[in-house]
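**Student:** Got a structure for you, written out below as C-alpha cells; questions coming shortly.
The values are calculated or read from the model by the stated rules, or taken from the named source; none is laboratory data. In this text, all values refer to a predicted model and were calculated from it rather than measured experimentally. So basically every Cβ, Gly included, is an ideal-geometry build from the backbone, and we count neighbours across all protein chains shown.
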Amino acid sequence: MKKIIAILLVMLFVFSAVKLSFAQSSVSVSISDNYIGRSTTYKIIFVANSSISKGDSISLIFDDSIPIFRNGEKAKEILVNGVKVEKTPKFFGHRIDVFIPVNIDKGKRVEIVLPQGIVQNPSAPGYFILTVKANGDTYQSNYYHITDKSTVKNVELTELEDGIEIDFTTGENGALKGYITKTVGMGRFGIVKAIPQDFIFIRFSHILSESFSSVSKNDVTVNGKNPPLNPEIKTHFKDTENEEKELIIPVPDNINANSKVKVIIKGILPKNTLTGALFAKVRTSKEITPVISNAIEVKSVYFIKTLCTVFPKRPDGENGFYITKPEVEFAVDKGRDIDKVETFYGFDGKNFTPYSGKFYLADGDRTLYYYSVGFSGNRKFAEPVQKFHFLIDSSSPAIKLVSPLKTNTPLYTLKIKFSDANFDYALIRISGIEFTATDEDFEIPVYLFDKTTRFTVKAFDKAGNSSEFNGTILLKE
C-alpha cells in the first residue's frame, strides 16, 4: 500500500512539473521594435489553462530593468482579443494588471496588445522573459532579445577654439554610403548634382543650439571631407527655452561598420552669457537610435551662484533632525566678469540680512532662504532665491517629577511631566515593572511595599536625544 501511495505521489509531482513546464513555455512575446531605449508595442499570446471571466485580471510581470510608464490614456487602448479594456489597468512597479473585457474559455487563445507608450526597452541589451499570471496559473515566455546593434557607440563631444568636435563609432549595422552624382540635362548644358545616400544626425543641447542659425558645408568635415551639400537644420521645441537644433549632414564618403567617425563643425561655440550643459545626441540613417554624448558644463561670464556649506554635512540625529546646531557658511561661484558679490539670507523668504560670516542655527523647524547679487561695472545680476530646510533639536527632553518623594501612605501615585518640542516617548521602571509613556503628562498608581522604592525614568525625543532621571520614594512610618 505504501508503495502504491509513493508511486501516486511521484506521478502527481511529475504531472505538476510537466504542467508548469508547459505553462512556462506557452507565452509568445513579439515587440514592434527591439532596439534599446525605444518605446515599443507588445503583443502577448498564450493559451488559457482555465477559463477566464470578464472582469478578471491578468498580471503581466516584466523584468526589473524594463521601464514601465503609468500612461492612463495609452492604458485605455490595451486590447484583449481585439477588444479594448473597459476598466483602466493597474500599475505596480514592473507589473501591469489588465482587466479582461471578454469571457475566455479554457483552451482558447488569449492575445493582449500593449500600445506604444507604456513599455520602453531597457538601456542595455539582453535577453528577457515575461511572466503572465491568470486565475492562479503562471505562464512564462521564452527569451526575447533587445539589441544595441542599431546604435552608434562611444559618442564624445570636445570643445575646439573655433567650434566643436564629435567622435563616435558606427555599430555592426552602421555601414554608411557616401553620396553619388547624377547628371541632369544633356551636353554642355548638363548639371552634375550630388545625391546623398546616408546621413549623420547630430542634435545639440539648448546652449549649443543657441549658437547658430545656419551651417555651411565648408564649415563641416566628416573624417576630413566636406559633405556635398549644406546640412539641413531641423528644430525641436521651437521658440521655447528648451529649443534644440538638429543637423542632418550628408555622408561625403563611404564609412564601414564598426568604424571611427570624426565630425568637426566650425562656428558652433556657446555664447559666453549662457550657463548650462553642452552635449549632443548622435544617430545615423542606418542606426536610428540617438546616443547621447558626454556633457560639458559651461558658465556665463556673468554667472553667479551661492554655495551653502553646512556642518554637519547631513542630519546627525534621527528622523532627519540635526542634534548638533548647524553651522552655516556661504561662498559664491561667479563668472569672470563679476567684480564683486553681496550675499543675503533670511528665514521667511521676504526679509533678508546681509551675510558677513558663518553663523549657527537655533532649534526648530526652519527654512533658510539665501541669494547673491553680482556686480559687473554698472550692471547688477541677481540669482534666484535658494532655500535649505532644517529640522533642529539639540536639547534633551526635560523630566520633571510632579509627585512628592515622601509619602505617609503606601498608596502612591507617581506623576511625571515631560517637556520637549519633539517628545516621542519615555520608559518608567518602578517596583520591577516597566511602563511606557507617550504623552507629556504621565501618572500611575503604585503600592509601596518597602520604606524606600527606587524608580528610573528615561525620556526620548524624535531627534534621538535622551535624558534620564533616578529617584527614590520614601515611605514614612
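**Student:** Taking strands (runs of 3 or more DSSP E) that do not extend beyond segment 279-380, which have at least 2 residues that are of a type in the set (Gly, Ala, Ser) and within 30 Å of Gly163 (Cβ to Cβ)? Quick ask: steps written out before the conclusion?
**Tutor:** Details: elements: 280-284, 296-298, 304-311, 327-334, 340-346, 364-376.
Where strands (runs of 3 or more DSSP E) fall fully within segment 279-380 and carry at least 2 residues being of a type in the set (Gly, Ala, Ser) and within 30 Å of Gly163 (Cβ to Cβ), they are 364-376.
**Student:** Go through (1) touching a Ser or Thr at 6+ places or on another chain (Cβ under 8 Å); (2) aromatic (Phe, Trp, Tyr); (3) under 30 Å from Thr289 (Cα atoms) and name the single condition Phe92 misses.
**Tutor:** Evaluating Phe92 over (1) touching a Ser or Thr at 6+ places or on another chain (Cβ under 8 Å); (2) aromatic (Phe, Trp, Tyr); (3) under 30 Å from Thr289 (Cα atoms) leaves (1) as the failure.
**Student:** For segment 203-242, what are the residues that are in contact with a Ser or Thr (Cβ under 9 Å, 6 or more places away or on another chain), of a type in the set (Val, Ile, Thr) and in contact (Cβ under 8 Å) with a residue 40 or more places away in the chain?
**Tutor:** Answer for segment 203-242, where residues must be in contact with a Ser or Thr (Cβ under 9 Å, 6 or more places away or on another chain), of a type in the set (Val, Ile, Thr) and in contact (Cβ under 8 Å) with a residue 40 or more places away in the chain: just Ile207.
**Student:** Output the residue which, of all residues in segment 336-369 that are under 34 Å from the mean Cα position of the chain (by Cα) and among the β-branched types (Val, Ile, Thr), is nearest to Ala421 (Cα to Cα).
**Tutor:** Thr367
The rows are residues; the columns are (1) of a type in the set (D, E, K, R); (2) in contact with a strand residue (DSSP E or B) (Cβ under 6 Å, 6 or more places away or on another chain); (3) in a helix (DSSP H, G or I); (4) more than 22 Å from Ala277 (Cα to Cα).
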position	(1), (2), (3), (4)
Thr158	no, yes, no, no
Ile166	no, yes, no, no
Asn173	no, no, no, yes
Thr181	no, yes, no, yes
Val192	no, yes, no, yes
Gln197	no, no, no, yes
Ile202	no, yes, no, no
Phe212	no, no, no, no
Asn242	no, no, no, no
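**Student:** Of Asn294, Asn254, which residue is closer than 30 Å to Asn34 by Cβ, within 33 Å of the chain's Cα centre (by Cα) and in contact (Cβ under 8 Å) with a residue 40 or more places away in the chain? Talk me through it step by step, then tell me what you get.
**Tutor:** Values: Asn254 fails: within 33 Å of the chain's Cα centre (by Cα).
Exactly one residue qualifies, and that residue is Asn294.
**Student:** Another question about this same structure. So, restricting to strands (runs of 3 or more DSSP E) that lie completely within segment 412-477, which ones have at least 2 residues that are within 41 Å of the chain's Cα centre (by Cα), surrounded by 14 or more Cβ atoms within 10 Å (Cβ to Cβ) and of a type outside the set (Gly, Ala, Ser)? Steps first, please.
**Tutor:** Values: elements: 423-430, 433-437, 441-447, 452-461, 466-475.
Counting at least 2 such residues, we get 423-430, 452-461.
Table: residues versus (1) surrounded by 19 or more Cβ atoms within 10 Å (Cβ to Cβ); (2) without any contact (Cβ under 8 Å) to a residue 40 or more places away in the chain.
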{"residue": "Tyr127", "(1), (2)": "no, yes"}
{"residue": "Asn135", "(1), (2)": "no, no"}
{"residue": "Tyr144", "(1), (2)": "no, no"}
{"residue": "Val152", "(1), (2)": "yes, no"}
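**Student:** Among the β-branched types (Val, Ile, Thr), under 19 Å from Asn142 (Cβ atoms) and surrounded by 14 or more Cβ atoms within 10 Å (Cβ to Cβ) - does that describe any residue in segment 70-90? Walk me through it before giving the result.
**Tutor:** Taking segment 70-90 as the starting set, the residues that turn out to be among the β-branched types (Val, Ile, Thr) are 78, 80, 83, 85, 88.
Still in the list and also under 19 Å from Asn142 (Cβ atoms): none.
Scanning segment 70-90, I find no residue that is among the β-branched types (Val, Ile, Thr), under 19 Å from Asn142 (Cβ atoms) and surrounded by 14 or more Cβ atoms within 10 Å (Cβ to Cβ), so the answer is no.
**Student:** Here's another thing I want to ask about it. Residues of segment 305-328 being of a type in the set (D, E, K, R) and closer than 12 Å to Leu361 by Cβ, which ones?
**Tutor:** Initially, segment 305-328 is screened for residues of a type in the set (D, E, K, R), giving 305, 313-314, 316, 318, 325, 327.
Residues satisfying the conditions are Lys325, Glu327.
**Student:** Can you pull out every residue in segment 253-278 that is at pLDDT below 90 and in a strand (DSSP E or B)?
**Tutor:** Gly276, Ala277
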